[in-house]
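To keep things clear, I will list the structure first and then write my remarks on it.
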Amino acid sequence: MEKKLVLESIFAPSEDVVAREIQGEFLIIPITSGIAESDEEIFTLNETARVVWNNLDGKRTLRALIDKLSVEFDSPAAEIENEVCGFTEELLKRKMLIEVKRG
Amino acid sequence: MKFLKSLTLPEFSLWNKMREQAKIVSFNLELTGRCNHNCRHCYINLPAQDQQAKAREFKVDEIAGIAEQAVSLGALWCLLTGGEPLLREDFFDIYLSLKKKGLLLSVFTNAALITDKHLCFFKKYPPRDIEITVYGVTQETYEKVTRKPGSFANFTRGLDLLLASGIKVRLKAMVLRSNVRELPEISRFCRGKTKDFFRFDPFLHLRFDGDAARNAEIKTERLAPEEIVALENSDPQRFKAMEKDCAQFIFPESSHSHCNHLFHCGAGQGSFTVSYDGFFRLCSSLWHQDCIGDLRKVSLTDAWSNLVLKVRDMRSDKEKFLKRCRICPIINLCLWCPAHAHLETQEMDSPVEYFCAVAHARAKSLKNN
Ligand code: SF4
Ligand code: SF4
């Protein structure tokens, strides 16, 4: 069952994936099974996702992250919230992220 | 909006870009020279209990150090080979330390040492693939090649365990005098077990350690050129591929006449190999003393940026090279290359008469068809 995201929660990259930057491409490489659908599959992140990923550091709440990015990108918090939550949900579904603290 | 894009490796566009920019794409690690089998044609194996060879093996932290440098130079894929890599008692530690650096791993094994523990481990930490060589599909033939009683039963047990657990397995066969009669059955067996991949290789390399007695034995296991061609022609997939690419295999004599470089192949372009005792090579077979670097003395980064350039710039003005292999119109049908020439003749710029005969037999067959 899908849990609803709570903005006071804190997330961090799972130890079951490795993030690497190769030639300007940001890659997420699964270490364990159950993340990719085949052993030939790896993942790339787009620009927005890369910024969010780098800020999902196991210390900041989602809300703090949204506020930070909203200032950095000079965009309304609601817009950033949409992007951050969309990406976080996608990562959680893929088991690439763990919830360090539930808010 | 999609934040995360999934890619399968063949469509990964960075490969070519990285090769062009002299980055590392992949590397091979020979984890040990030791093997539980003693195959007649093997170019590397030492006895499983060889304590001296074992003592020389690179330790987990040394391997991790090389991998760290390789990863920082871009490497994404690593092949774990041997000898038999599963003989390493610390195989799981090595494998995991590489995985955790974000490397995709392939493993070459004879499957005989596979246990339930390996299965659980590989299911949890999947390799990209496991490649297994099939030496025969009867006990008699298999063990004639491996010279190890009981090895056939162990191989079939290991292979079946891997297949049943859904781990991606690729099969290949080495064809030698001792098993050639069984090749049709070997081919059927392999194609029956895995649907997507099977290849056979009739080229037996000479020993990396130059052992004269073992080299003589390998030569007696080699097939005659006509036998190789007949086998290739009897494999419709292989023959079709060769026929289709005929223009790439045979080209006008003048195409390389302006150049005295030794290396026109992919050696050191995007990949490298490390021996079990830490010697860096531009490719697995390139053992000439001027082309290797001891990674216990030089860093990988140093070897990659200096040795590779030096080797790729090597030239020869010997007539036998310039007048034969360098301008050879059928070199793409030939196993000749500086690395194998060195293993066969101790010189990187000598033609190899056996290879030459095979290449000409192949060219004749292609022309006739
Ligand atoms: S084996 Fe020969 S052809 Fe292949 S990469 Fe090495 S030197 Fe080049
Ligand atoms: S060994 Fe013979 S066939 Fe092979 S490249 Fe040299 S000349 Fe050509």
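The values are calculated or read from the model by the stated rules, or taken from the named source; none is laboratory data. The structure displayed is predicted, hence computed values, not measured ones. So basically every Cβ, Gly included, is an ideal-geometry build from the backbone, and we count neighbours across all protein chains shown. SASA here: full protein model, heavy atoms, side chains in, ligands and nucleic acids out. Shrake-Rupley method; radii C 1.70, N 1.55, O 1.52, S 1.80 Å.
Tell me, which strands (runs of 3 or more DSSP E) lie completely within chain A with 2 or more residues that are more than 14 Å from every other protein chain (Cβ to nearest Cβ)? Working first, answer last.
Numbers: elements: A:10-13, A:17-22, A:25-30, A:41-45, A:97-101.
Counting at least 2 such residues, we get A:10-13, A:97-101.
The residues of the range B:45-74 that are more than 16 Å from B:GLU30 (Cβ to Cβ) and assigned to a loop (DSSP other than H, G, I, E, B), listed by number, are B:GLN49, B:LEU73, B:GLY74.
The set of residues in the range B:86-96 that are away from chain A (no Cβ under 14 Å), over 24 Å from B:LYS148 (Cα atoms) and of a type in the set (Phe, Trp, Tyr) is empty.
Residue count for the range A:46-64, restricted to those that are buried (at least 18 other Cβ atoms within 10 Å of the Cβ) and farther than 22 Å from A:VAL100 by Cα: 0.
In the range B:274-369, counting only helices (runs of 4 or more DSSP H) that sit wholly within it, the ones holding 1 or more residues that are away from ligand 1 (no atom under 16 Å from the Cβ) span B:319-322, B:353-368.
Listed here are the residues, each with its yes/no results for (1) at pLDDT 75 or above; (2) surrounded by fewer than 16 Cβ atoms within 10 Å (Cβ to Cβ); (3) under 16 Å from the mean Cα position of the chain (by Cα).
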residue: B:PHE3; (1), (2), (3): no, no, no
residue: B:LEU7; (1), (2), (3): no, no, no
residue: B:PRO10; (1), (2), (3): no, yes, no
residue: B:LEU14; (1), (2), (3): no, no, no
residue: B:MET18; (1), (2), (3): no, no, no
residue: B:GLU30; (1), (2), (3): yes, no, yes
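Please indicate, with yes or no, whether at least one residue in the range B:78-88 is of a type in the set (Asp, Glu), surrounded by 20 or more Cβ atoms within 10 Å (Cβ to Cβ) and either in contact (Cβ under 8 Å) with a residue 40 or more places away in the chain or at positive phi (or both). Working first, answer last.
Step one: filter the range B:78-88 for residues of a type in the set (Asp, Glu), giving B:84.
Of the ones still in play, those that are also surrounded by 20 or more Cβ atoms within 10 Å (Cβ to Cβ) are B:84.
Retained after the next criterion (residues that are either in contact (Cβ under 8 Å) with a residue 40 or more places away in the chain or at positive phi (or both)): B:84.
Yes, the range B:78-88 has at least one match.
If only residues of the range B:317-327 that are near ligand 2 (Cβ under 10 Å from one of its atoms) and surrounded by fewer than 20 Cβ atoms within 10 Å (Cβ to Cβ) are counted, the one that is nearest to the other protein chains (Cβ to nearest Cβ) is B:ILE327.
Inside the range B:353-364, can you point out the residues that are farther than 16 Å from B:HIS264 by Cβ and either crowded, with 20+ Cβ neighbours inside 10 Å or near ligand 2 (Cβ under 9 Å from one of its atoms) (or both)?
Let us first name the residues in the range B:353-364 that are farther than 16 Å from B:HIS264 by Cβ, namely B:353-354, B:356-358, B:360-364.
B:GLU353, B:TYR354, B:CYS356, B:ALA357, B:VAL358, B:HIS360, B:ARG362, B:ALA363, listed by residue number.
Residues that are near ligand 2 (Cβ under 10 Å from one of its atoms) and crowded, with 22+ Cβ neighbours inside 10 Å within the range B:338-348 comprise just one, B:ALA341. Which of the residues that make up the range B:123-142 are touching a residue at least 40 places away in the same chain (Cβ under 8 Å) and more than 9 Å from every other protein chain (Cβ to nearest Cβ)? Scanning the range B:123-142 gives B:ILE130, B:GLU131, B:ILE132, B:THR133, B:VAL134, B:TYR135, B:GLY136, B:VAL137, B:THR138, B:THR141.
Please pick out the residue among B:ARG296, B:ARG312 that is in contact with a Gly (Cβ under 8 Å, 6 or more places away or on another chain), farther than 15 Å from B:HIS261 by Cα and touching a residue at least 24 places away in the same chain (Cβ under 8 Å). So that I can check it myself, show each step before the final result.
On the way: B:ARG312 fails: farther than 15 Å from B:HIS261 by Cα.
Within the list B:ARG296, B:ARG312, the selection yields B:ARG296.
Scan the range B:305-316 for residues that are open to solvent by 20 Å² or more (accessible area, probe 1.4 Å) and among the hydrophobic types (A, V, I, L, M, F, W, C) and jot them down.
At the first step, the residues of the range B:305-316 found to be open to solvent by 20 Å² or more (accessible area, probe 1.4 Å) are B:305-307, B:309-310, B:312-315.
Result: B:LEU307, B:LEU309, B:MET314.
Under the condition of being within 9 Å of ligand 1 (Cβ to nearest atom) and either more than 17 Å from B:ARG326 (Cβ to Cβ) or assigned to a strand (DSSP E or B) (or both), which residue from the range B:256-270 is nearest to the other protein chains (Cβ to nearest Cβ)? Talk me through it step by step, then tell me what you get.
Taking the range B:256-270 and keeping what is within 9 Å of ligand 1 (Cβ to nearest atom), we get B:262-269.
Keeping just the survivors that are either more than 17 Å from B:ARG326 (Cβ to Cβ) or assigned to a strand (DSSP E or B) (or both) gives B:266, B:268-269.
Numbers: B:GLY266: 19, B:GLY268: 19, B:GLN269: 16 Å.
Result: B:GLN269.
Elements of the type helices (runs of 4 or more DSSP H) sitting completely within the range B:139-226 and holding at least 1 residues that are of a type in the set (Gly, Ala, Ser): these cover B:151-164, B:183-193, B:212-221.
Listed here are the residues, each with its yes/no results for (1) under 18 Å from the mean Cα position of the chain (by Cα); (2) more than 13 Å from ligand 2 (Cβ to nearest atom); (3) modelled with pLDDT under 95.
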site: B:HIS256; (1), (2), (3): no, no, yes
site: B:VAL274; (1), (2), (3): yes, yes, no
site: B:ASN332; (1), (2), (3): yes, no, yes
site: B:PRO351; (1), (2), (3): no, no, no
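Conditions tested, residue by residue: (1) surrounded by fewer than 16 Cβ atoms within 10 Å (Cβ to Cβ); (2) basic (Lys, Arg).
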{"residue": "B:ASP93", "(1), (2)": "yes, no"}
{"residue": "B:LEU105", "(1), (2)": "no, no"}
{"residue": "B:ASN110", "(1), (2)": "no, no"}
{"residue": "B:VAL134", "(1), (2)": "no, no"}
{"residue": "B:GLY150", "(1), (2)": "yes, no"}
{"residue": "B:ARG170", "(1), (2)": "no, yes"}
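B:LEU98 satisfies every condition listed in (1) of a type in the set (A, V, I, L, M); (2) at pLDDT 95 or above; (3) surrounded by fewer than 20 Cβ atoms within 10 Å (Cβ to Cβ) except (3).
The residues of the range B:291-302 that are within 21 Å of the chain's Cα centre (by Cα) and surrounded by 13 or more Cβ atoms within 10 Å (Cβ to Cβ), listed by number, are B:CYS291, B:ILE292, B:GLY293, B:LEU295, B:LEU300.
Could you grab me the full set of residues in the range B:97-122 that are within 13 Å of another protein chain (Cβ to nearest Cβ) and not in a helix (DSSP H, G or I)?
Pass one, the range B:97-122, residues within 13 Å of another protein chain (Cβ to nearest Cβ): B:97-107, B:119-122.
Those that are within 13 Å of another protein chain (Cβ to nearest Cβ) and not in a helix (DSSP H, G or I): B:LYS100, B:LYS101, B:GLY102, B:LEU103, B:LEU104, B:LEU105, B:SER106, B:VAL107.
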